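The values are calculated or read from the model by the stated rules, or taken from the named source; none is laboratory data. Please read all numbers here as calculations on a predicted model, not as lab measurements. Quick reminder, even Gly has a Cβ in these numbers, built from the backbone with ideal geometry, and neighbours come from all protein chains shown. Ligands, DNA and RNA are excluded from the accessible area calculation, which covers all protein heavy atoms including side chains. Shrake-Rupley method; radii C 1.70, N 1.55, O 1.52, S 1.80 Å.
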Amino acid sequence: NISSTRVFDTQRQLPEDHPFWRFFGEGMPRQREIEGQGSGVVVSESGYILTNNHVVENASEVSVSFQDGRILDAKVIGADPQTDLAVLKVDGDEEFPFAVMADSEQIEVGDVVFAIGNPLGVGQTVTMGIVSAKGRNDLNMIRDGFENFIQTDAAINPGNSGGALVDINGDLVGINSAIYSKSGGSMGIGFAIPIDLVKKVTEQIIIQGYVTRGWIGVEVQELTDDLKESFNLSTNSGALIASVVKNSPADKGGLKSGDIIININNKKVNNGKALLNIVSESEPDQTIDIEIIRGSRKISLSLKVSARPRLGS
């Protein structure tokens, strides 16, 4: 169980002609404290813990409660809002038991999975379901983020955020992150961040405190039915390049506005979100092979990926 405390400083400004000005001077300082609850997964014997960024974002204090009754203060090592992941660290006298990470690429729709967490603060809870879908990337749950969710019908409720999604061997395949719900509770449509993505983000946060992503410098547009008809396309997948940043890797590699990317390194590009996900997971200076449709021709290009500009930098 992850508990977080957020303290917000607020100040109500008063005009100088307000009757209370002489009592409160320039304003009325207020502090508001909000408690948050979530779940987490220990992933190393030294005490590194994974959770969701939204569980600990802007927290002034974070503590972790273990099944054996221990409550330890935790330090936020780093966070990645664009995947909604955060890495915590706790210190103890003994080595911590930790979850073994699986290969989330190997799971299939229909596989049995278990969601573990602390829903609604009732205590550690396990629910069972199946993998309902993979590669959900068009949900718009993370603003300016990179989505590539595993969908499951294992019950996920408020408080499960940051908890483990495990396979039948008990190995970690995802970090529970979000639900679709009209009631606020589980309706059988939950989403977890696949562990293959989690590994990459976690390693970078621990080593350098932030995440470096690949970037080629394009703005993409989804292929509507009208666009498919105007481009005379027989395929339902692909990402339309709306514009190319000057002197970017895409520009230097020969990509043009109006090109339709259909494959990157032999991975099918289903839509614009898939394109951004594949590119973002590439290493800076890595060369990627791209297959495009330009007019009536298929063309192969090679680009050298750059580092994606960091938000706020």
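Taking amide hydrogens as modeled 1.01 Å from N in the peptide plane, which residues meet the under 5 Å criterion relative to Gly78, leaving out close sequence neighbours?
Val87
Can you list the aspartates and glutamates whose alpha carbon sits under 17 Å from that of Lys268, skipping same-chain ones fewer than 8 residues off?
By straight Cα distance, Lys268 reaches Glu105, Asp138, Glu147, Glu222, Asp259, Glu281, Asp289, Glu291.
So for each of 124-133, 255-264 I average, over its residues, the number of other beta carbons within 10 Å; can you give me the resulting order with the highest mean first? Walk me through the intermediate numbers first.
Numbers: 124-133: 16.4, 255-264: 19.2.
The packing order, highest mean first, is 255-264, 124-133.
Among Val198, Gly214, Ile293, whose Cα projects farthest towards the positive end of the dipole of the chain, with charges put on the beta-carbon of Lys, Arg (+1) and Asp, Glu (-1)?
Ile293
Calculate log10 I(q)/I(0) of the chain for q = 0.07, 0.08, 0.13 Å⁻¹, where I(q) comes from the Debye formula with a single equal point scatterer on each Cα and nothing for solvent.
For the chain at q = 0.07, 0.08, 0.13 Å⁻¹, log10 I(q)/I(0) is -0.36, -0.45, -0.97.
About the Cα centre of the chain, what is the dipole size in debye to 20, counting +1 per Lys and Arg Cβ and -1 per Asp and Glu Cβ, all else neutral? Before the final figure, lay out the partial values.
Details: 28 positive and 41 negative charges, 212 e Å.
So the magnitude is around 1020 debye.
Scan segment 69-168 for trypsin sites (Lys or Arg not before Pro) in coil per DSSP, keeping those whose Cβ has at most 16 other Cβ atoms within 10 Å, and list them by number. Let's see the in-between values first.
On the way: sites: Arg70, Lys75, Lys89, Lys134, Arg136, Arg143; in loops: Arg70, Arg143.
Here the sparse-neighbourhood loop sites are Arg70, Arg143.
Treating only the Cα positions of segment 82-170 as identical point scatterers, give the base-10 log of I(q)/I(0) from the Debye formula at each q in 0.10, 0.13, 0.14, 0.24 Å⁻¹.
Relative scattering, expressed as log10 I(q)/I(0), comes to -0.31, -0.52, -0.60, -1.40.
For segment 132-266, divide the Cα radius of gyration by the Kirkwood radius and give the resulting Rg/Rh value with two decimals.
On the way: Rg = 18.4 Å, Rh = 17.7 Å.
On the Cα set of segment 132-266, Rg over Rh gives 1.04.
Mind listing P(r) for segment 32-137? All alpha-carbon pairs, 10 Å bins, whole percents.
Spelled out per bin, shortest first, that is 12, 40, 36, 12, 1.
State in Å² the accessible area per residue of the chain; use a 1.4 Å probe, count heavy atoms of protein chains only, and round to the nearest integer.
Here the residues of the chain average 54 Å² of exposed surface.
How large a share of the accessible area of the chain, in percent, is made up of carbon and sulfur atoms when the probe is 1.4 Å and the other protein chains stay in place? List each step's numbers first, then the result.
Numbers: 7900 of 16870 Å².
Solvent-exposed carbon and sulfur of the chain make up 47 percent of the total.
Take the residue pairs Lys89/Lys273; Lys134/Lys199; Lys89/Lys134; Lys75/Lys199; Lys89/Lys199; Lys134/Lys304 and return only those whose Cα atoms are more than 21 Å apart. Walk me through the numbers on the way to the answer.
Working: Lys89/Lys273 32 Å; Lys134/Lys199 17 Å; Lys89/Lys134 30 Å; Lys75/Lys199 19 Å; Lys89/Lys199 16 Å; Lys134/Lys304 28 Å.
Result: Lys89/Lys273; Lys89/Lys134; Lys134/Lys304 exceed 21 Å.
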